[in-house]
Amino acid sequence: MKFLYHPDQKDISLAGVLYALGDPVRLEIVRLLATQGERCCGEFNFAIAKSTMSNHFKILRESGVLLIRKEGTQHINTLRQDDLEALFPGLLDAVLRSAKPLMSQQQSTANYK
């Protein structure tokens, strides 16, 4: 089983979190997890390559925004709201409040640059 790195709460940096949230697709992933709860990677239907989606999840995980656990062949994604709130009070709420949902998950992110 491949080890998935997750930083300890003390190792999560503001710069890393802001970088992770700075991409429209990653921000939409976080918005969906915040509003709908944990989800499998396969439940996100963005019109981008699977390898690109994997990279987005890796950036979110390694920055401390997501916790990913394996259940069989599935990767279950959970937002680390408690850790982020403890470190950066109000940040996630402020970012999500100002974030506009992508018009359609089926559209390419090229339309949002």
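The values are calculated or read from the model by the stated rules, or taken from the named source; none is laboratory data. As the structure is a computational prediction, the values presented were derived from the model and not from experiment. Cβ sites come from the backbone with ideal geometry, for glycine too, and all protein chains shown count toward neighbours. When the accessible area is computed, the model is the full protein with side chains, heavy atoms only, and any ligands, DNA or RNA have been set aside. Shrake-Rupley method; radii C 1.70, N 1.55, O 1.52, S 1.80 Å.
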All but one of (1) touching a Ser or Thr at 6+ places or on another chain (Cβ under 9 Å); (2) exposed (fewer than 15 other Cβ atoms within 10 Å of the Cβ); (3) in a helix (DSSP H, G or I); (4) not hydroxyl-bearing (Ser, Thr, Tyr) hold for residue 94; which doesn't? (1)
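Mind checking which residues of segment 82-97 are more than 16 Å from the chain's Cα centre (by Cα) and within 18 Å of residue 19 (Cα to Cα)? Steps first, please.
Applying the first criterion (more than 16 Å from the chain's Cα centre (by Cα)) to segment 82-97 yields 86-90.
The answer is 87, 88, 89, 90.
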One residue is enough: does segment 49-60 have a residue meeting the conditions surrounded by 15 or more Cβ atoms within 10 Å (Cβ to Cβ) and closer than 15 Å to residue 81 by Cα? yes
Identify all residues within segment 42-81 that are of a type in the set (Ser, Thr, Tyr) and either outside any loop (DSSP other than H, G, I, E, B) or within 22 Å of residue 18 (Cα to Cα) (or both); write none if there are none. 51, 52, 54, 63, 78
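Has segment 28-36 got any residue that is open to solvent by less than 70 Å² (accessible area, probe 1.4 Å), of a type in the set (Lys, Arg) and either more than 24 Å from residue 3 (Cα to Cα) or modelled with pLDDT under 90 (or both)? So that I can check it myself, show each step before the final result.
As a first pass, look at segment 28-36 and keep what is open to solvent by less than 70 Å² (accessible area, probe 1.4 Å): 28-34.
Narrowing the set further to residues that are of a type in the set (Lys, Arg) leaves 31.
Adding the requirement that they be either more than 24 Å from residue 3 (Cα to Cα) or modelled with pLDDT under 90 (or both) leaves 31.
Yes, the conditions are met somewhere in segment 28-36.
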Segment 61-77, residues that are open to solvent by 40 Å² or more (accessible area, probe 1.4 Å) and at pLDDT 95 or above: 62, 67
Any idea which residue in segment 1-27 is least open to solvent (accessible area, probe 1.4 Å), counting only those that are assigned to a helix (DSSP H, G or I), over 13 Å from residue 95 (Cα atoms) and without any contact (Cβ under 8 Å) to a residue 60 or more places away in the chain? 16
Tally of residues being within 14 Å of residue 73 (Cα to Cα), open to solvent by 30 Å² or more (accessible area, probe 1.4 Å) and hydrophobic (A, V, I, L, M, F, W, C) across segment 39-48: 1
